Amino acid sequence: MGLAMMAATATSCVDDLDQRPVFEQDATVVYATVDSYRQVLAKGYACFVITGQEKDGDKDIDSEKGYDLSRCIFNMEEDSTDESINTWSSLYDISHFNWDANDVWVQDAYYRLYYTISVCNEFIRNAADASISRFSEADRAEIRSMKAEARFLRALSYYWVLDLYAQGPFSNENTPISGYVPERYGDVQLFEFIESELKDIENEIPMDNEYGRAPRAAVWALLSRLYLNAEVYTRTDRYTDCVTYCNKIINSHKYSLEPEFYKLFNASNHLRTNEIIFAFVVDATTTVTWGATTNIICGSCSNSSSQDPAKYGITNGWGNFRVRGEIPAKFGDVATSKDSRCMFYTDGQSQYISVYNDQSQGYFSEKFTNLYDDGTAASNTAVNGCSTDLPVFRLADVYLMAAEATVRGGAGLSRGEALALVNSVRERAYGDTSGNIADADMNLQFFIDERARELLHESVRRTDLRRFGMFTTDKYIWQWKGGVADGKAVDSKYEIFPIPATELSVNTNLSNPNY
């Protein structure tokens, strides 16, 4: 199933969530064949990186900024942290902890998540046993497997609802499609639903799946991430469960670290299935997006300095975000660092930022590129965007999650085994054992810094900082945190984002007590 197969599925969505996606044809036509089911499932996957049926038109939903879901999540996970500061005015409030229930990115992420949930619900509803009884046994088995994938995509969407908003309206395939106001699920209810769904489908998704589709290890990886952050979501730690599901991935022996770090983030990264467990597919011909990796690659290249866009396989830089000075500081002296993850453009750039919208202040990350392995550009970004897939789960993250959960008290690995996992990641980074750490160095401060080095711009930073109690507090201050140059602690209400004001007006089950 290629993700280019968007077909005649959902083409528009009304504003309130009391509606399902609008289809140009009724279900008997849309779900007429097994291939039709594949096409609708492809839409479910593509919802994370595209905005509609066309490159710049036929939008799935009307939204304030009109960008795809992965770009919205990136802005909320990265621009609110030390990993990014944005030049564009629409993101000043996110960068400065000044958002409210009317923020355009807060709204867009919310509605795109629920649009994706509605697409998945529609697929699951039409994959019920009664709906597929007309098919052969082999076809029914394939549709049931696809149904499990749709449930995974729905769980992934609800995970981001949980992580970003800590509450939200709940709907599934059994929810009435009209005349119904969805009930509110709080963080514990969302957590329990996601956990239950993932455990229920764990053995229904193939161990090996077509590239771009979730394999069983993606279910394990999402459960690992859910459990690692369980204390934030539910006030009860689940570190042993985190180790358990990380071990399932590790002990499957299906994955190994890619020897060359940069190849995980270039336009040939679809070949890195040894480490990349699951990625959102981006293609400048068939799955065109101005978000996802196009946003990361073009946004990390200046449009007003000596930085050459061609070095990254693009035709123009947008220059809209740079890393804050605290990130390169985690590598020591950037000019002499042996760490292969220390990839920053520094020429003419100051490390620290005294004027937040000055593109010459702050280094640009060079981690993601639109280059094939042979160094040629993958696409014309001025026309169609990039062709670099966006990793969602990869093995190095699993190693770091397992080790951190062990240090936090989780059972299932010894400290020695956890240390070996950490050092395997660092040996890849350094090319030898010179960057290895000792057991005494393997503390929580190490992990929050190492995750910044390893997972820069992979949309997990806000989640990580919350787990370490560093996101809103004075435990960690970075430049322009709270909207002041030296940084400051901010109101704890900013631990989560508010439900959009437009949603509160149509669903009285929801409220924002802290906003």
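One residue stands out among those in the stretch 47-74 that are closer than 13 Å to W290 by Cβ and not in a loop (DSSP other than H, G, I, E, B): the one that is most open to solvent (accessible area, probe 1.4 Å), which is K59.
Could you check, for the stretch 200-212, whether at least one of its residues is among the polar types (S, T, N, Q), part of a helix (DSSP H, G or I) and within 21 Å of the chain's Cα centre (by Cα)? There is no residue in the stretch 200-212 that is among the polar types (S, T, N, Q), part of a helix (DSSP H, G or I) and within 21 Å of the chain's Cα centre (by Cα).
Without any contact (Cβ under 8 Å) to a residue 60 or more places away in the chain, of a type in the set (K, R) and either more than 29 Å from Q53 (Cβ to Cβ) or buried (at least 16 other Cβ atoms within 10 Å of the Cβ) (or both), is that true of K248? It is true that K248 is without any contact (Cβ under 8 Å) to a residue 60 or more places away in the chain, of a type in the set (K, R) and either more than 29 Å from Q53 (Cβ to Cβ) or buried (at least 16 other Cβ atoms within 10 Å of the Cβ) (or both).
With the condition kept exactly as written, say whether any residue in the stretch 304-313 is open to solvent by 30 Å² or more (accessible area, probe 1.4 Å), of a type outside the set (S, T, Y), out of contact with any Cys (no Cβ under 6 Å at 6 or more places or on another chain) and in a helix (DSSP H, G or I). Outline the logic, then answer.
Pass one, the stretch 304-313, residues open to solvent by 30 Å² or more (accessible area, probe 1.4 Å): 304-306, 308, 310-311.
Checking which are of a type outside the set (S, T, Y) leaves us with 308, 310-311.
Among the residues that remain, those that are also out of contact with any Cys (no Cβ under 6 Å at 6 or more places or on another chain) are: 308, 310-311.
Okay, now just the ones that are also in a helix (DSSP H, G or I), so 310-311.
Yes - at least one qualifying residue is present in the stretch 304-313.
Pairs meeting the criteria (first residue in the stretch 486-503 and at positive phi, second residue in a loop (DSSP other than H, G, I, E, B), beta carbons under 8 Å, at least 6 apart or on different chains) are G487/I477; G487/W478; G487/Q479; G487/W480. Apart from one condition, N512 fits all of (1) under 28 Å from P391 (Cα atoms); (2) in a loop (DSSP other than H, G, I, E, B); the exception is (1). Among the criteria (1) surrounded by 19 or more Cβ atoms within 10 Å (Cβ to Cβ); (2) at positive phi, the one D187 does not fulfil is (2). Condition first: touching a residue at least 60 places away in the same chain (Cβ under 8 Å), within 30 Å of T369 (Cβ to Cβ) and of a type in the set (A, V, I, L, M). Now tell me which residues in the stretch 455-485 satisfy that. Hits for the stretch 455-485 are L456, V460, L465. Take the residues of the stretch 278-303 that are part of a strand (DSSP E or B) and either open to solvent by 10 Å² or more (accessible area, probe 1.4 Å) or not aliphatic (A, V, I, L, M) (or both): which is farthest from E149 (Cα to Cα)? The extreme case among them is D283. I'd like the residue in the stretch 434-447 that is in contact with a helix residue (DSSP H, G or I) (Cβ under 6 Å, 6 or more places away or on another chain) and in a helix (DSSP H, G or I) and, out of all such residues, is surrounded by the fewest Cβ atoms within 10 Å (Cβ to Cβ). Among those that are in contact with a helix residue (DSSP H, G or I) (Cβ under 6 Å, 6 or more places away or on another chain) and in a helix (DSSP H, G or I), it is D439. The set of residues in the stretch 467-501 being closer than 17 Å to D163 by Cα, open to solvent by 30 Å² or more (accessible area, probe 1.4 Å) and among the hydrophobic types (A, V, I, L, M, F, W, C) consists of I496 alone. Evaluated against (1) under 21 Å from R238 (Cβ atoms); (2) open to solvent by 10 Å² or more (accessible area, probe 1.4 Å); (3) of a type in the set (G, A, S), A403 falls short on exactly one condition, (2). The set of residues from the stretch 148-171 being part of a helix (DSSP H, G or I), open to solvent by 10 Å² or more (accessible area, probe 1.4 Å) and over 17 Å from R112 (Cβ atoms) comprises just one member, R151.
Just one of the listed residues (S145, S90, S84, S136) is over 22 Å from I177 (Cβ atoms), open to solvent by less than 10 Å² (accessible area, probe 1.4 Å) and hydroxyl-bearing (S, T, Y), and it is S84.
Could you grab me the full set of residues in the stretch 315-337 that are of a type in the set (V, I, T), open to solvent by 10 Å² or more (accessible area, probe 1.4 Å) and closer than 21 Å to R71 by Cα?
Quick first cut of the stretch 315-337, residues of a type in the set (V, I, T) only: 315, 323, 327, 334, 336.
Of the ones still in play, those that are also open to solvent by 10 Å² or more (accessible area, probe 1.4 Å) are 315, 334, 336.
The one that is of a type in the set (V, I, T), open to solvent by 10 Å² or more (accessible area, probe 1.4 Å) and closer than 21 Å to R71 by Cα: T315.
Here is a check on your reading of the model: is I477 of a type in the set (V, I, T), over 21 Å from Q107 (Cα atoms) and touching a Gly at 6+ places or on another chain (Cβ under 6 Å)? Working first, answer last.
On the way: of a type in the set (V, I, T): yes; over 21 Å from Q107 (Cα atoms): yes; touching a Gly at 6+ places or on another chain (Cβ under 6 Å): yes.
Spelling it out, I477 is indeed of a type in the set (V, I, T), over 21 Å from Q107 (Cα atoms) and touching a Gly at 6+ places or on another chain (Cβ under 6 Å).
In the stretch 502-515, the qualifying residues are those that are among the hydrophobic types (A, V, I, L, M, F, W, C) and modelled with pLDDT of 95 or more, and the one that is most open to solvent (accessible area, probe 1.4 Å) is L504.
Against the definition (more than 21 Å from the chain's Cα centre (by Cα) and surrounded by 14 or more Cβ atoms within 10 Å (Cβ to Cβ)), how does E195 come out, yes or no? Against the criterion (more than 21 Å from the chain's Cα centre (by Cα) and surrounded by 14 or more Cβ atoms within 10 Å (Cβ to Cβ)), E195 does not qualify.
Yes or no, residue by residue, for (1) more than 25 Å from R225 (Cα to Cα); (2) part of a helix (DSSP H, G or I); (3) open to solvent by 50 Å² or more (accessible area, probe 1.4 Å); (4) acidic (D, E):
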| site | (1), (2), (3), (4) |
| --- | --- |
| F368 | no, no, no, no |
| S379 | yes, no, no, no |
| V392 | no, no, no, no |
| A396 | no, yes, no, no |
| L413 | no, no, no, no |
| E427 | no, yes, yes, yes |
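The values are calculated or read from the model by the stated rules, or taken from the named source; none is laboratory data. Source: prediction; values computed, not measured. Positions of Cβ are backbone-derived with ideal geometry, glycine not excepted, and every protein chain shown enters the neighbour counts. The area values use the complete protein model at the heavy-atom level, side chains included, leaving out ligands, DNA and RNA. Shrake-Rupley method; radii C 1.70, N 1.55, O 1.52, S 1.80 Å.
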